[in-house]
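Nothing in this text is a laboratory measurement; each read-out follows from the coordinates by a stated rule. Remember, it's a predicted structure, so these values are computed and weren't measured experimentally. Neighbour counts run over all protein chains shown; Cβ positions are idealised from the backbone, glycine included.
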Amino acid sequence: MPRIKNTTTLGLRVSAVALCASLMIATPLNRAWAGETATRTARVKEWLAFGSGCRSSSQAPQNDLTVESRYSENIRTSLRMSRFELELPIGGKGVRECAFRMVITPPPDVRVTNVQARTRLVANKTSQEHLRGRILLLLGDNVVDQKIWNLEKTDFAKFRDELITLVSGAKSEFSTPQTSCGKEQIVGLDFTLEGVSDGKTTAHAKTVEEKLFLRVPPEAVTEIVVDTAECHRPQQEKKNGK
């Protein structure tokens, strides 16, 4: 029987990084840190989202995805994805993707240390469908964590709701790259939704109370948290005994 193949989001990741590279240029925002003394907090400079399931940006926001960032000791960015869904026809297959990237601009003596994210996936299927959701958390062009929600035909035949958490660092199977003081960083999430249905009969169609789908529910808030730290530079050695 058909199964979901082990596809990757490498092309989506490369395209997203290439687009974000054009954002990482000098602007009044990141030059302003030189004269700021009261606030030592990194900021979200710009963001974008694109793929077969979403398209939006800070420069041209769309209803597909809205973004709000809050600042304290870290950065908390909330995403609402209004139409990110794989609707699967009976006997069919499909893929939906969405890549989100944001550029973090720290002050000169601050660096990005860790990132984490939380989102939700919901699915409705029968014993005739194989669904899979894959989410990658990225820092720069490095994957720092991933979660795969693999729903085999034998797993269940009902609606399901799953909370997905991704965290960089010791709890992840991936290493976290060392970042530099004052250097802009790209933080991202890659979503891939895939599905295959073997249902072929009218009788099977009647057993499906609702449409077959895998989605990030539109009411859910996907949150990305970016942790930062001050750079502790060694004191200059005293000269001439002074």
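Just a few scattered comments:
- Taking the stretch 153-170 as the range and being β-branched (V, I, T), surrounded by fewer than 16 Cβ atoms within 10 Å (Cβ to Cβ) and farther than 18 Å from L193 by Cα as the test, only T154 passes.
- In the stretch 174-201, the residues that are in contact (Cβ under 8 Å) with a residue 60 or more places away in the chain and more than 18 Å from the chain's Cα centre (by Cα): T179, S180, C181, G182, K183, G195, V196, S197, D198, G199, K200
- Residue count for the stretch 105-128, restricted to those that are aliphatic (A, V, I, L, M) and either on the phi > 0 side of the Ramachandran plot or outside any strand (DSSP E or B) (or both): 0
- In the stretch 103-152, the residues that are of a type in the set (D, E, K, R), buried (at least 16 other Cβ atoms within 10 Å of the Cβ) and without any contact (Cβ under 8 Å) to a residue 60 or more places away in the chain: D145, K147
- Of residues in the stretch 63-79 being over 15 Å from the mean Cα position of the chain (by Cα) and closer than 17 Å to T105 by Cβ, the one surrounded by the most Cβ atoms within 10 Å (Cβ to Cβ): N74
- Selection from the stretch 44-61 of residues that are in a strand (DSSP E or B) and touching a residue at least 24 places away in the same chain (Cβ under 8 Å): V44, K45, E46, W47, L48, A49, F50, G51, C54
- Residues that are in a loop (DSSP other than H, G, I, E, B) and surrounded by 22 or more Cβ atoms within 10 Å (Cβ to Cβ) within the stretch 81-102 comprise just one, F84.
- Residues of the stretch 139-173 satisfying the condition of being among the hydrophobic types (A, V, I, L, M, F, W, C), more than 15 Å from L121 (Cβ to Cβ) and under 16 Å from the mean Cα position of the chain (by Cα): L139, V143, V144, V167
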